[in-house]
1. Answer with yes or no whether VAL59 is surrounded by 19 or more Cβ atoms within 10 Å (Cβ to Cβ), of a type in the set (Val, Ile, Thr) and either modelled with pLDDT of 95 or more or farther than 22 Å from SER223 by Cα (or both).
2. What's the total number of residues in segment 453-463 that are touching a helix residue (DSSP H, G or I) at 6+ places or on another chain (Cβ under 7 Å) and either surrounded by fewer than 19 Cβ atoms within 10 Å (Cβ to Cβ) or not assigned by TED's automatic domain parsing to the domain that holds ARG143 (or both)?
3. Would a scan of segment 318-328 turn up a residue that is in the same structural domain as THR132 (by TED's automatic domain parsing), assigned to a loop (DSSP other than H, G, I, E, B) and among the β-branched types (Val, Ile, Thr)?
4. Condition (residue is free of Cβ contacts under 8 Å to residues at least 24 places away in the same chain and closer than 22 Å to ALA384 by Cβ) applied to segment 156-169: is it met by at least one residue?
5. Every residue in segment 224-259 that is at pLDDT below 85 and of a type in the set (S, T, N, Q), please.
6. Only one of (1) modelled with pLDDT of 90 or more; (2) surrounded by fewer than 19 Cβ atoms within 10 Å (Cβ to Cβ) fails for SER185. Which number is that?
Amino acid sequence: MSNSYAKEGLLDGFKNSPDIEFELSSFGNDLPADLNSSQKRAESNENLESEEEEHHQIVDSLLQEHNQKSNIYMAFMNMANSILGAGIIGQPFAIKNCGLLGGVFATILLSFLVDWTIRLIVVNLKLTGKTTYQDTVEFALGRRGKILILLANGLFAFGGCIGFCIIIGDTIPHVLRAFFPSHESMFHRNIIISFVTVFISLPLSLNRDISKLSKASMLALISMLLIVFIVVIKGPMVDSSYKGDLKKNEIVFTPRIFQGISVISFALVCHHNTSFIYFSLKNPSLKRFDKLTHLSCFVSMITCFLMGYSGFLSFKDRTKGNILNNFPTDDNLINVARFCFGFNMLTTFPLEIFVLRDVIRDLIYFKANNNGSPIVLSMKMHIAITTVLVFITMSISLTTCNLGALLELIGATTASLMAYILPPVTNLVLTGRSKSLMQKLPHCICIVFGFLIMFISSTQTILGAIHGGSQKHCEI
């Protein structure tokens, strides 16, 4: 369809739309009554031309906005990519912590809970008339709620940045050693993390508008699925010297199941992006968003099952927090997977820094009144905050290789708060008076479940880190 036909079609459909009735009402109603003189005719023609030009500008604007909206398939790509992020690489480790039967139970349960709470956020958006998840929490819980959601978003992004740096150190050195074996000593993980972060991630993070990076959802999702496919194919083929043994306590449930739930939660949580995905839909509605959420969560659940069980059944008790670290360095196909994963982290890191920088800005100017508009940082502040955040997250990643423990802590704290606690709490505050006790019960169970994960998993992970473990996560 050409632009001219598209404009005519939009005009026919928009004339009766209440949203733009005001704009269109100004056209064609102000023609001069007396057109006898040539001067008046000329003035009338000029007015008509001006009005027609303004008319087409409005239609062009509406057409452009309409074309920028996502259809259901593109929205699915965005949501599935948001869910299947860095956490997918830790799913075999999650199954190891949950047990074979516990992993099935935990993955299915969390997929249902994430599906419900994502849709609950959109219900809260409708009830409050707000446009972001953060605004609904502030509307229901006041300024304390705003601080809570800002801290949750900030810590989730902060932990994600550390995780991405660890993953870069786990992936890129292997690829470089495979291509340049004679210079292996140059490719120490800390050297690569520092070089890549300072010379690639930092410049990308300093960009004020990184929307172009966020549009690579389809490429990122395809590469993630490629990584899963490679692990599924190569896992059973790996040499027996790399494989471990299946312990009896890992067959059904293990005492570490809450730590496994935390890792799965980190992989599935995308709640901070929910409002953006919803409003990006063409003709957004609860029914269409429900269909989108069900499809995205189902595909993500199947992908987690494939990655988790193929990785764990291949390496059993030797399974690491990053499953790619279980494979030999000279495996070319695995190095393709490592390259894909490392490249994804290079583009994902700046997106998380963008979120983290906004949280810092909002906390600094928490009491500032800017008439509802976000405060724009000065260039000096922008560079200073970005640089400090990048170097802090990089410095922490240089001290640890234990990606599994990091995923556990983030999943137990911020992911639980964003996914299992705040959405039902906000909904209860907004609608609690009109709900019966039975209607409130699912909300209360979800909230209690979130707090159990938060306290039990965090305690287990911290105690495990203090006492140490026999597994060396940095060893090749």
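The values are calculated or read from the model by the stated rules, or taken from the named source; none is laboratory data. The structure displayed is predicted, hence computed values, not measured ones. For neighbour counting, all protein chains shown are included, and Cβ atoms are generated from backbone atoms with ideal geometry for every residue, glycine included.
1. Details: surrounded by 19 or more Cβ atoms within 10 Å (Cβ to Cβ): yes; of a type in the set (Val, Ile, Thr): yes; either modelled with pLDDT of 95 or more or farther than 22 Å from SER223 by Cα (or both): yes.
In short, yes.
2. Residues of segment 453-463 touching a helix residue (DSSP H, G or I) at 6+ places or on another chain (Cβ under 7 Å): 453-454, 456-458, 460-461.
Of the ones still in play, those that are also either surrounded by fewer than 19 Cβ atoms within 10 Å (Cβ to Cβ) or not assigned by TED's automatic domain parsing to the domain that holds ARG143 (or both) are 456.
Total meeting the criteria: 1.
3. Applying the first criterion (in the same structural domain as THR132 (by TED's automatic domain parsing)) to segment 318-328 yields 318-328.
Those still in the list that are assigned to a loop (DSSP other than H, G, I, E, B) too: 319-322, 327-328.
From what's left, among the β-branched types (Val, Ile, Thr): 319.
Yes: segment 318-328 contains one or more residues that are in the same structural domain as THR132 (by TED's automatic domain parsing), assigned to a loop (DSSP other than H, G, I, E, B) and among the β-branched types (Val, Ile, Thr).
4. Start the filter on segment 156-169 by keeping residues that are free of Cβ contacts under 8 Å to residues at least 24 places away in the same chain, which leaves none.
No, the conditions are met nowhere in segment 156-169.
5. Listed by number, the list holds a single entry, ASN249.
6. Here SER185 meets the rest and fails (1).
One line per residue, one yes/no per condition, for (1) of a type in the set (Phe, Trp, Tyr); (2) in contact with a helix residue (DSSP H, G or I) (Cβ under 8 Å, 6 or more places away or on another chain); (3) without any contact (Cβ under 8 Å) to a residue 60 or more places away in the chain:
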| site | (1), (2), (3) |
| --- | --- |
| PHE305 | yes, yes, no |
| LYS316 | no, yes, no |
| VAL336 | no, yes, no |
| LEU346 | no, yes, no |
| GLU352 | no, yes, no |
| PHE366 | yes, yes, no |
| ILE375 | no, yes, yes |
| SER378 | no, no, yes |
